[in-house]
C-alpha cells in the first residue's frame, strides 16, 4: 500500500485522492475521477530489479551408459543400461551386477526403466492381382479387376467372390484413380526398310513373231543336273522353265546353271515366271 502511494505521488497526470482497501480514487488531469484497483495500479509499477545470483546447486546423478542387449558374459557397471531378452530395459543400481544373472531375476542389482510395448497388428500380405481360383487368408491384399485394392478381413474369404461384391469379407484399401490426361504424341519413328514388292500383273500378250529358220534337232534330257555333260540342242527343265543348250558343256567343267549370268551355255526355250530368273543359283524355286 505504501509503495503504491509513493508511486502515485510520482505521476504528473494523476493525484491520489482516497486510498481504500479495494483500491484508489484518482483525480485525472482533466478534473474527472477514476477508480483503480490495486491490480491495475500494480501493473503500472516498473518491474523490481533482479536479485544477486544464487550459489550453484549440487551435481545431479550420473546418467545412463547404454550397453545394448544384455549379455550373460559381460561384467556391467553401475548406471549401465541394457535391454533384457524379454524386451524391457534395465539400469544397473550396484557397482557390478552379478555376471550371467538376468535383470528380470535380479531386482536387487537392476532396476527396470521401461517395459516392452504391445505387439502391433499383423501387417498386410500383398498377393497381387485377384485370382478367381485362389484361396486367400486374413490380411491378404489384392487388386481386383476394376483396379481397386482390397484387404481380407476374415480368415478364409469365399473363393471366386470378387472383393468389390463381398464387402463383408474384404475391405477397400484404395480405389482406382481417375484416368490421366493423354500424353503428347511422341516423335515420328525412323523410316523402315523398303519391303519386297509382289510381281505386277501379267502384261498383254504380244504379237506372234516371225517364223524362225529351221534349226538343228533337239533332244529332251529331262531335269537339269550339274554333273551331266550336255550337247548343243539338249533340252532340260529347270526353275519352272525349259532351257536349250547353245554350246556343249566343256569336258573339264560342270554344267552351268540354266539362267545364270556367267556365260551363254543355255537359252530360255519355254517357261513361265521370268521373275524367278533373277534369283541366284542354288535357291530352290
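Coordinate-derived values only; no laboratory data. Quick caveat: nothing in here was measured; it's all calculated off a predicted structure. Cβ placement follows ideal geometry from the backbone for every residue including glycine, while neighbour counts extend to all protein chains displayed.
Using a Förster radius of 35 Å, what is the FRET efficiency between residue 67 and residue 126 based on their Cβ-Cβ separation? Nearest 0.05, please.
Efficiency at R0 = 35 Å is approximately 0.35.
Could you please rank 109, 78, 39, placing first whichever residue has the fewest other Cβ atoms within 10 Å of its Cβ?
39, 78, 109
Return the distance in nm (one decimal) between the two label points of a simple spin-label model at residue 134 and residue 25, each offset 7 Å from Cα along Cα→Cβ.
Roughly 9.1 nm, to one decimal.
In region 125-174, how does Rg compare with the Kirkwood Rh, expressed as the Rg/Rh ratio over alpha carbon atoms?
Taking Rh as the inverse mean 1/r over Cα pairs, Rg/Rh reads 0.88.
Test of understanding: what is the full-extension gain from residue 240 to residue 220, defined as 0.36 nm times their sequence separation minus their Cα-Cα distance?
Roughly 5.7 nm would be gained on extension.
I'm a student and want to see the number: the projected area of the Cα convex hull of region 65-114, averaged over all directions, in nm².
Across all orientations, region 65-114 yields a mean hull projection of 2.7 nm².
For the residue pair residue 94 and residue 34, what label-to-label distance in nm results when each label sits 7 Å from Cα along the Cα-to-beta-carbon direction?
Reported label-point gap for residue 94 and residue 34 is 7.3 nm.
For region 90-217, what is one quarter of the convex hull surface built on the Cα atoms, given in nm²?
30.9
Expected output is a single nm value to one decimal: the length gained when fully extending between residue 75 and residue 232, i.e. 0.36 nm times separation in residues minus the C-alpha distance. What is it?
Difference between extended and current length: 45.1 nm.
Return the Rg/Rh value of region 22-158, two decimal places, where both radii are evaluated on C-alpha atoms and Rh is the Kirkwood radius.
Across region 22-158, the Cα-based Rg/Rh ratio is 1.48.
Expected output is a single nm value to one decimal: the length gained when fully extending between residue 184 and residue 43, i.e. 0.36 nm times separation in residues minus the C-alpha distance. What is it?
43.7 nm
Going by average Cβ neighbours within 10 Å, how do the peptides 234-243, 218-227 rank, with the highest at the top?
Put in order of decreasing packing, that is 234-243, 218-227.
Between residue 205 and residue 174, with labels modelled 7 Å along Cα→Cβ, what's the label distance in nm to one decimal, could you check?
Roughly 7.5 nm, to one decimal.
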